[in-house]
């Protein structure tokens with residue numbers, strides 16, 4: 001049985017927050033990739049991916065995170081991951097992506113870090 005993934009975007013002072021809920025895997029990655037690439041990310045903004053409700057992440061999910069990073073960097077913006085569940089954080093750490101993604105406990109912490117970098 002295929003699990004679904006819900007995504008919701010909202011705008012904050014720092015930029016766009018995309019909240020993901022469910023399984024981020026080979027079934028749902030194309031949906032997330034398309035939604036990410038459709039975002040109008042502007043120079044100087046921060047794209048935040050809130051992973052609090054992610055229940056599973058495979059290599060396709062990690063690839064989508066890299067697509068998000070590349071999309072943000074191409075727009076001269078930054079990216080941050082927030083509320084990363086420990087099981088997903090462990091995978092990110094094992095493959096070395098913790099070296100390329102700033103991770104924050106909350107969206108507010110990510111916004112505060114963005115503000116202090118200005």
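What follows is calculated from the coordinates using simple rules that are stated; it is not laboratory data. Quick caveat: nothing in here was measured; it's all calculated off a predicted structure. So basically every Cβ, Gly included, is an ideal-geometry build from the backbone, and we count neighbours across all protein chains shown.
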If contacts are Cα pairs under 8 angstrom and at least 6 residues apart, what is the relative contact order of the range 5-108 in percent?
27 percent
Footprinting exposure proxy for 36, 7 (fewest neighbouring C-beta atoms within 10 Å first):
7, 36
Peptides ranked, highest mean first, by Cβ atoms within 10 Å: ranges 42-50, 67-75, 87-95:
42-50, 67-75, 87-95
If each part is reduced to its alpha-carbon centroid, the range 79-98 and the range 57-74 end up apart, in Å, by 12 Å
Eigenvalues of the alpha-carbon gyration tensor of the chain, times 5 and square-rooted, give semi-axes in Å, largest first, of 21, 15, 13
For the chain, percent of DSSP beta bridges that are antiparallel (nearest 5) comes out at 35 percent
